[in-house]
Structures are given as C-alpha cells and as structure tokens.
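Let me begin by presenting the structure, written as structure tokens, before commenting on it.
The values are calculated or read from the model by the stated rules, or taken from the named source; none is laboratory data. Just so you know, these numbers come straight off a predicted model, no measurement behind them. Please note: Cβ atoms are built from the backbone with ideal geometry, for glycine as well, and neighbour counts cover all protein chains shown.
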Number of protein chains: 4
Amino acid sequence: MNRTLTTRGERTRERLIEAATTVFASSGYFEPKITDFTAAAGQANGTFYRYFVSKEEIFLEVVRRTNARMHESSGTGLGPGATPMERIENATRLYVQAYRANAPIMMLLEQVSGISEEFRDLRLSTRRMYRSRTEASLRRWQERGLIDSQLRPDYAAEALISMVSNFCYMWLAMEDDHDEDVVVDTLSRMWAMAIGLRVDTPADVGRSRTPG
Amino acid sequence: MNRTLTTRGERTRERLIEAATTVFASSGYFEPKITDFTAAAGQANGTFYRYFVSKEEIFLEVVRRTNARMHESSGTGLGPGATPMERIENATRLYVQAYRANAPIMMLLEQVSGISEEFRDLRLSTRRMYRSRTEASLRRWQERGLIDSQLRPDYAAEALISMVSNFCYMWLAMEDDHDEDVVVDTLSRMWAMAIGLRVDTPADVGRSRTPG
Amino acid sequence: MNRTLTTRGERTRERLIEAATTVFASSGYFEPKITDFTAAAGQANGTFYRYFVSKEEIFLEVVRRTNARMHESSGTGLGPGATPMERIENATRLYVQAYRANAPIMMLLEQVSGISEEFRDLRLSTRRMYRSRTEASLRRWQERGLIDSQLRPDYAAEALISMVSNFCYMWLAMEDDHDEDVVVDTLSRMWAMAIGLRVDTPADVGRSRTPG
Amino acid sequence: MNRTLTTRGERTRERLIEAATTVFASSGYFEPKITDFTAAAGQANGTFYRYFVSKEEIFLEVVRRTNARMHESSGTGLGPGATPMERIENATRLYVQAYRANAPIMMLLEQVSGISEEFRDLRLSTRRMYRSRTEASLRRWQERGLIDSQLRPDYAAEALISMVSNFCYMWLAMEDDHDEDVVVDTLSRMWAMAIGLRVDTPADVGRSRTPG
DNA sequence: AATGAATGAGTCTTCATTCAT
DNA sequence: AATGAATGAAGACTCATTCAT
C-alpha cells in the first residue's frame, strides 16, 4: 500500500472515516460490514483496502478523533482565582457537554473496550486524563486543607470520574430524560460534598441534628 | 421442540449453560461459536439446538442466572437498629463482593448492552433494583433530616450507583490492583459525604477553614 | 427389525400411515420431516424406524393404498347390454369421482413421479390399468365397426386417458371451479366424438354444412 | 447487491443460468445443491449469491426462459385462408415439437408446480396461453357452425389441452417410444373429431353402422 | 486511484438416524 | 414396544479479502 496519498486519495480516505463514524454511531461496532462503510461513502468495496486493513483500523481512527475532541473540550478556561467549587462545576459541565456531543462513539467505545487491548487503551486514554487531573486537584486541595484529608486521592478520583462518566453513559444510553442543568448541579454538588468541600447547605441539615 | 425435558435432558441443558458461562467469561460474547459451547460441554454440535435456538438465547439464560445471584447477594442482613452509615457500608461491601464474584458476566453484559433491547433490559434489571433501593433510602433519610434535603433522590441515587458500579467495573475490567477494604471504605465514605450524612472527620476539615 | 408385529405394533404402524397420509396431503412430499409423521401420530420420533426405513417407504405404503382405492372404484357395474356411450359416461364419472376422492395423494404422486423409478411405476400402475381397459374397449368397438377404424387404439387410449386425467388434475390442482356434471358430460361427449362414436348432436352441426 | 451488472457480471450470470438449466434437466429440482450450479459454471460457490438469492430464484429464471421459448414456438405461421383442420394439425405439431425441445424443464415444472404459488403460476402461464387461444378458436368455429355447438368452449379447450399436453408429458416422461408423426396425426384427428369438425373418414365408419 | 467481480474459508443450522433407557 | 436424547454429516450462506480491469 502506498503511504503517500494524493489530494484525491486524501479526500477519499476522509470520506470513508466520516461515513464510518456515522455507520458506527447508528449500527454499533459489530453489525457493520466493510461494504457498509464504502457504500455510505459512495465508494467501491475494494477501495476500502487502499486505506485501511480492517474494520478495527478504521474504528481506531474514528475513536482517535473523538478522543481528540473530548480532550479539546476539557480545557477549563477558568482563571487562577477560581474557587474549587467553581472548578468542579465548570469541569462537570464541560464533561457532560462533551460527552453528549460525542455520545454515540463514546458509548460504543465503552462497549467494545472489552474486546481488545487496543480498544481498552483507547477507552482509558480519555478517562486517564480526567482521572489524573482530578487526582492532582484533590491532592492540591488536601494540601491546602480544603477537603477531607482521609481520602486517598487516587481512589477518590476514580470514584468521582466513575460517578460522572457512568451517570452520563446511563443517561444517554438508556434514554432517560434528564435535564442537563439538574444533572450538572447534582453531580457537582455531590462531587464537592463527597470530598468534604464546604457546600452551601441549609443550616439545619445533618450536622445541626447532632450538635457537638 | 419438546418443552418437557427428561432428567437426562435437564442435565445436558445444565451442562451447556455452565459451559457457556465459562466460555463467555473467557472469550466474550462475539468470539464464541456454537460449537465452542457444545465442545466445552462435551456434546455434539446439533445438541445445542435441542435446547437453545441461538447464541443469544443461551447468553440470556447465563445472564439471568448471574442477575439472580446478584439479587440474592443484595439482602442487607442488618437489623432495624442499624445506622445509615452502617447500612451504606454494608450495602457497598455486599455490592463490591457480588460484583467481583460475578465480574466476568457483569462486565460482558455491560459491553453487550448496546446491541439489543433485550440485553439492555437485562443489564438494567440489576441496576434498577439497586437504584430504587437507594432512592428509597435517600427519601427516608431526607424525611428524617439526616441528609442533604436539596438533593433530588432520583438523580442522586443514579449518581451513587454510577460511582460504585463503574468503579467496580473499571477496577476489575482494567485489572487495576486495588485493595478491597480500601475500595469499600472509600466508596462508603464518599457515598455518605456526598449525601451530606454526618461522617466522622477530623474536626478541622473543610468547614473550620472556611468560616462563614 | 422384528417383522412379526403384535397387535399393539400393528396399531401403531396403522396410525403412522394414517398420519402420514394426512401430512403428505397437506404438505406435499418434500416438506414433511420424519418427526412430522410421528408427531401427527402421537408417537416418539424413534418409533418411526421400528416400522419404516425412510420417508420414501411410508409414502409408498400411502400411495399403494390410494391406488387400491382407485382400482376398487373403477369397476363399471354396468350389465353386458350397456351401449358404448353408457360405458364411456359411466367410466368417466367413476374416474372423476375417484380422482376427486383421492385428489391430494393422486396429485402428489403426479408430482413426485419424476424423482424415482419406483414412484414412476406406482404412478403408472393406475394409469396403465385405465389405459389398457380403454385400449381393449377401442379394439372391440373398432372390430364391431362402431368407431373410427383409422385410430390406433394404443395411441388413442393414451390420448383419452390424458384428456380425462389431466383435466381432473388441473381442475383440482389449480382450484378451478368447475361443475362435476358439466365436467363429466363434456369429457364423455368429447371422448365419444373423438373416437368417432355416434353422438346425439343437433342435425345441423358440422356434417350438415359440408354435404357430401 | 448491485443491480447494474458489468459485461463481465452479465456473462457470469448467463453462465450460471445455462449451467443451472443443464443441472436441473438432468438432476431434477431437489437434488442439486447450490455448488452444483457454480461447479457446472466453473465459478466459486459464493459467486452464486451475487446473482441469485436461492435455488428457487435461479430455477424461476430458467423456467421463464423456457416459457419464453414455448411462447415463441407457438406462432402458427399459417395464412388467413387455412382451414380449421390445417390449423389444428399445425398447432398440434408445433406444440409437440416445442414440448419435446423443452421437455426436461417442462416436465420438471410439472413436478414442482405443487410446491409453491409461484411455480404454479409459471406452470399455468404457458398452459393459459394455449387454452385461451384454443377457446377463442372454438368460439369462432362455433359461430361459423363448423363444430359442435353444444360444447362449452372453456371446458372443451381445457380438455383438448389436457389431451395434448399430458400425452406429450407421459410420452416423454415415461420414455414410451412413439413416432412423432403418428402422435401428431392421432392427436390432431382426435382433437378435430372431439369438437365435431368434419374429418375425412371412411364412409362406413360409425354413423353407417348404427343407423337410427 | 478506483472499481466491482470473484473467491472460499468459516459458521450456522437442519434433520435423518442411532442409542440409551 | 416405545421413548426422546444425542449424534454428526450435509448444505446453505456470509463476508473479508483478493484480483482483473
């Protein structure tokens, strides 16, 4: 296979990737046949093999692009003076929005992550990014005494990412009809409280009943 | 197909299900062929069709049994005097243990839940049970003023189940090497804190540093 | 296989044949599986092989009985003084009625006669009987100068049997809605005329227009 | 499946049909497997499915072509001045010859006409053509007073076609050794006489012996 | 570079037949 | 004699991949 593509070749390859994204999104990973991609791209079946060696390969390309979009969306955009609560809310909203925007492929990746090392790594790549950022924040906030010092940042980060990502997954996969603002508020609040960050609560909750 | 099986037939069917459980657990849903099940059960290939019409059907049976085991394991066994914290810890431990015990099939179900309504429903069945129990508890505790009254119990329950179940999934799917006790302690603690339940914390955490 | 059957065995065998007759009649020769016969007879599948070695064998038995019924129905019942026309009408009516009564199997036999020597012979057995009777009648009538002397009795007999039998076949196979009396009258009249037998016709028909 | 075929594809399809015609003719409808067609056409087994979805479909195509040939052969080619007797003889000869030329498939069609609506319709298509032509002729001749006015043209046409077609079928199916000229003469003569058309007969036949 | 025809290995599925009870 | 479970050969069909144009 010739590795250097002409402009025309580049365009054909691009079309195939776009077609595959659509096809994967609507039919999952297993159902589509090679010819579904070429048909959707308006190409002959033999053409596929000029650019990809297998369904797996084109899927990897599709996922890589989705991952890239997820990464792009995760920049905080907050100044250095932002409070932890602001950061949590901002990160949660960005995650929820990015997940929704890329839901079909993200969910697909979730499902196929069990079938090979390579898929698992791809699925982990985005998660690891969120997890390590979260862990770093937790450490910083623990050092500053802002949150529960007893939590292990690594475990806690994993748990928080689980909460948010799996909530989104179930929400979108199972077609539950949630309101985005309520979702973001609830997840942010629980996130903050789970790590012992001070959150505005009615004075009478919990603590007041068990006066020191 | 004769629906009433003899003892011998019952035993053969049972063997096939057990074999399929093993095969699914180690090879996933898509890789196994019908003959893999019959070979593992020491039966001729045609025998499969006496008891099942397709791979999907035997998988459903395998999952139903796994779900049943998950349900069985979820009884709390705690007396009426147990505190919320005790209940959370107990439930978390039971869930983590049940998940570990049935990990291969639970994870598989996670992965195939996208390929058909029926699989999705089966995957939801266990989740729904946990979610509704959780939601009921949250309502009760809110009524008694023990936890944050601002949280919507339905969203919060979904978030908590997400946190626990997806933590387990990632832990076991990605072969992270966690310690069960730390997992249970961390998840229980975060669960409790996330809902505003009073948790033993060092007196200086959070609240004291950010005085109103 | 034990050849001498007990009374019970005899009954089972009989049930299988009856069931097979029904099944063949409604589903043709190729569609039915061995288990269809046993199921229809209320017997276990293995039982079939105690009495028959194959579907072909039970079919032969079914056809033999049908053939026997066709043979029984073909006796004329007319006295020695009957006229040729009376004999033709009687024979035609008996044939048509017998064919109708045994239509499903007769038609089936028609269809399977191409698949083996044995089936062909069975199909020919009834036809041969009718043909040789017809041929004999034609010869007799030719000797008596009652009919066209130029016709070869063998060919003519074949043609007449073809006319009647195939008319019945198409009638019943294609679900044309004919009236039995009209069928019998038309076939009898044409039969008689075809062999030059004097038939009552309006004086002006044919002959009168082309006076010698 | 791409519906527009290239020249190469067209040729392959054509080869398969020709091969199938041969295979069906010599082995009947049920015996041949898909691979028999492809092997006979020098093609790989998968190739079959590029052009046909099933054995039934290729059989239908084979029969359609045979029917087309039967239709083509049925043009009389006689001028407007031809006598009814000439027309009957001509039509009979053409039918007998066409039947012989396409005997294997015609006989096969006869046999499979019982297994599906579609086959039955195809089998009826040729028959219907002959029957309606015959019926039309009979009506015309009745109007002109040339033949028996008591016969119902529809029943009579059916009977005549039965006589000719089933004679041919038995002749060729059962491998009787008939002489084509005798067959045509006999059938034509009987056809004519059956409808009361004046036929050259020895003056002493029938009528004279049984004086009113 | 693109096409679409051809290939054939890999599976599923049926069902006549045998076997153990 | 009867049962129904088990067997496995036979054949259909799919589809990734190669090939000729």
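Which is out of contact with any Ser or Thr (no Cβ under 7 Å at 6 or more places or on another chain), in a loop (DSSP other than H, G, I, E, B) and assigned by TED's automatic domain parsing to the domain that holds C:Thr83, of C:Glu175, C:Glu158, C:Glu110?
Criteria check complete, one pass: C:Glu175.
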**Request:** Please indicate, with yes or no, whether at least one residue in region B:26-37 is more than 30 Å from B:Ile195 (Cα to Cα), under 21 Å from the mean Cα position of the chain (by Cα), within 16 Å of DNA strand E (Cβ to nearest atom) and without any contact (Cβ under 8 Å) to a residue 24 or more places away in the chain.
**Result:** yes
**Request:** For A:Leu109, indicate whether it is of a type outside the set (D, E, K, R) and crowded, with 23+ Cβ neighbours inside 10 Å.
**Result:** yes
**Asked** Given the structure, is A:Arg127 part of a helix (DSSP H, G or I), under 25 Å from B:Leu172 (Cα atoms) and at the interface with chain B (Cβ under 10 Å from one of its Cβ atoms)?
**Response** yes
**Request:** Would you tally the residues in region C:62-109 being in contact (Cβ under 8 Å) with a residue 60 or more places away in the chain and within 14 Å of chain D (Cβ to nearest Cβ)?
**Result:** 13
**Prompt:** So, in region D:7-21, of the ones that are of a type in the set (Ser, Thr, Tyr) and surrounded by 15 or more Cβ atoms within 10 Å (Cβ to Cβ), which residue ends up nearest to D:Ile105 (Cα to Cα)?
**Reply:** D:Thr21
**Prompt:** Just wondering, is there one or more residues in region D:75-88 that are assigned to a helix (DSSP H, G or I), surrounded by 15 or more Cβ atoms within 10 Å (Cβ to Cβ), more than 16 Å from DNA strand E (Cβ to nearest atom) and not hydrophobic (A, V, I, L, M, F, W, C)?
**Reply:** yes
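Please work out which residue is surrounded by the fewest Cβ atoms within 10 Å (Cβ to Cβ), limiting yourself to region A:163-184 and to residues that are touching a residue at least 40 places away in the same chain (Cβ under 8 Å) and more than 9 Å from every other protein chain (Cβ to nearest Cβ).
A:Glu180
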**Message:** Among the residues of region A:20-28, are any assigned to a loop (DSSP other than H, G, I, E, B) and among the aliphatic types (A, V, I, L, M)?
**Reply:** no
**Asked** Does A:Thr22 fit the bill of being away from DNA strand E (no atom under 14 Å from the Cβ) and either modelled with pLDDT of 95 or more or on the phi > 0 side of the Ramachandran plot (or both)?
**Response** yes
**Fill in**
Within region D:62-74, the count of residues that are among the acidic types (Asp, Glu) and either modelled with pLDDT of 95 or more or near DNA strand E (Cβ under 10 Å from one of its atoms) (or both) comes to 0
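Of all the residues that make up region B:48-61, how many are within 11 Å of DNA strand E (Cβ to nearest atom) and more than 14 Å from chain C (Cβ to nearest Cβ)?
8
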**Message:** Let me confirm something: among B:Arg64, B:Arg93, which residue is closer than 30 Å to B:Pro32 by Cβ and part of a helix (DSSP H, G or I)?
**Reply:** B:Arg64
**Request:** Kindly indicate whether any position in region C:25-34 is within 16 Å of DNA strand F (Cβ to nearest atom), surrounded by 14 or more Cβ atoms within 10 Å (Cβ to Cβ) and within 14 Å of chain D (Cβ to nearest Cβ).
**Result:** yes
**Fill in**
Within region C:152-162, of all residues that are facing chain D (nearest Cβ under 8 Å) and farther than 17 Å from C:Arg87 by Cα, the one farthest from the chain's Cα centre (by Cα) is C:Arg152
**Residues (crowded, with 17+ Cβ neighbours inside 10 Å and over 19 Å from C:Ala82 (Cβ atoms)) located in region C:128-151** = C:Arg131, C:Asp148, C:Leu151
**Item:** Scope region D:124-162; condition without any contact (Cβ under 8 Å) to a residue 40 or more places away in the chain and closer than 19 Å to D:Val63 by Cβ; matching residues
**Value:** D:Leu124, D:Arg127, D:Arg128, D:Arg131, D:Ile161
